[in-house]
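Reviewing the structure listed below.
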Amino acid sequence: MSVVLEAVGLTKTFTLGGGFFGLGAKRTIRAVDDVSFTIGKGRTLCVVGESGCGKTTIGRMILRLTAPSAGSVRLEGEDFTQLRGEELRTRRQRVQMVFQDPAACLNARMTAAEIVAEPLVNFELLDPAGRARRVEQLFDQVGLSRGMMGRLPRNLSGGQRQRLGIARALASSPAVIVADEAVAALDVSIRAQILNLLRDVQRQTGVAYLFISHDLAVVRYIADEIAVMYLGAIVERAPARELFEAPAHPYTRALIASIPATHPRFRKKRAALTGEVPSAAALPSGCRFRARCPLASDICATQSPPMRAIAPGHEVACHNTTTINQGG
């Protein structure tokens with residue numbers, strides 16, 4: 001597998017508080033804690049977890065919209081976190097983003113064609129005639145009629161606007177696209193169309209996706225590999241099929257059990273989670289999930305579980321993995 005994106009020990013902390021004149025108590029929030037992963041060409045890594053777990057912060061660090069407090073991002077073998085100035089601007093064309101709300105991320109005063117051509121202009125790619133041909137090709141690729149090129153975003157449907165956002169992300173021929181809740185704002189029927197489009201585009205271009213979502217039903221459809229996050233850390237990472245068939249971490253099991261069933265007879269007893277999510281500014285000692293874990297033991301209160309392999313490509317951060325597997 002040809003690796004196009006590698007995150008190594010990504011960490012992001014924020015300092016809050018201080019009050020007036022900075023005299024009050026300050027708190028440090030560890031939004032992302034020592035996260036590492038790789039994504040190969042033409043592959044999709046989905047990062048899942050509850051709101052506030054740090055998954056969007058990871059996406060922002062990958063895009064260099066937020067600087068990591070520690071760690072690095074390697075894009076096609078190059079340390080992306082160390083680039084500055086014109087060198088950074090040039091390399092940005094290789095990593096693009098599809099946003100959650102297409103209406104909020106499209107310039108309301110630009111036509112659809114101008115929006116798709118914007119990256120080509122910004123990165124000084126192609127001559128005017130070449131840009132026009134590229135825009136037409138992108139409209140065809142994402143399933144938009146060329147007759148829509150002159151329309152403003154407000155004259156397009158939600159699904160059409162998201163297709164436009166995907167076309168814009170593809171314009172500079174990126175190696176990686178970060179998709180942050182890319183279908184969360186769409187109707188269910190439109191979601192399926194956009195997910196199919198993303199898969200088709202990936203097969204055609206070999207682009208890699210970092211797909212950020214809280215919806216495991218969506219993730220199950222599009223993921224090659226899944227990383228489950230809880231309070232800033234990855235607690236389990238595995239190939240998608242294996243993670244759904246044999247989840248090892250109690251948090252992963254609870255998330256999968258919470259997926260709504262399509263028919264009452266398929267409903268399963270949900271894995272119980274007790275207690276509240278701890279504050280990221282006051283993480284518990286030992287395992288950060290122990291306060292809500294039905295399998296917590298004495299060691300969980302004193303030692304943070306390291307990530308360890310339990311099968312090829314399947315890693316979990318849990319002291320009681322054996323107990324979990326025996327429990328089914």
How many nm is it between the label spots at Glu114 and Ala217, if each spot is 7 Å from the Cα in line with the beta carbon? 3.9
Rounded to 0.05, the calculated FRET efficiency for the beta carbons of Gln82 and Thr302 at R₀ = 30 Å is 0.20
Can you tell me which of 308-316, 47-55 comes out highest on packing, and rank the rest after it, using the mean Cβ neighbours within 10 Å? 47-55, 308-316
Give me the percent relative contact order of the stretch 143-256, please, defined on Cα pairs under 8 angstrom at least 6 residues apart. 18
How much length is gained on full extension from Ala192 to Arg133, taking 0.36 nm per residue of separation minus their Cα-Cα distance? 18.4 nm
Counting other C-beta atoms within 10 Å, and keeping those with at most 15, which DSSP coil chymotrypsin sites (Phe, Trp or Tyr not before Pro) do you find in the stretch 175-246? none
So for the chain, averaging the separation of alpha carbon pairs under 8 Å that are six or more residues apart and normalising by length, what relative contact order in percent results? 20
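Please compute the net charge surrounding Arg60, taking Lys and Arg as +1 and Asp and Glu as -1 over other residues with Cβ under 12 Å from its Cβ.
Local net charge: +2.
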Protection proxy ranking, peptides 175-182, 114-121, average beta carbon neighbours within 10 Å, highest first: 175-182, 114-121
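Counting each pair of different Cα atoms once, what's the Kirkwood radius of the chain in Å, rounded to one decimal?
Averaging 1/r across every pair of different Cα atoms and inverting gives 21.3 Å.
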Check the chain for me: any Cys whose beta-carbon has no other cysteine beta-carbon within less than 4.7 Å? Cys46, Cys53, Cys105, Cys293, Cys318
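Each value in this text was obtained by applying a stated rule to the coordinates, not by laboratory testing. Since the model is a prediction, treat every value here as computed from it, not as a measurement. Note that each Cβ is placed from the backbone with ideal geometry, even for glycine, and that neighbours are counted across all protein chains shown.
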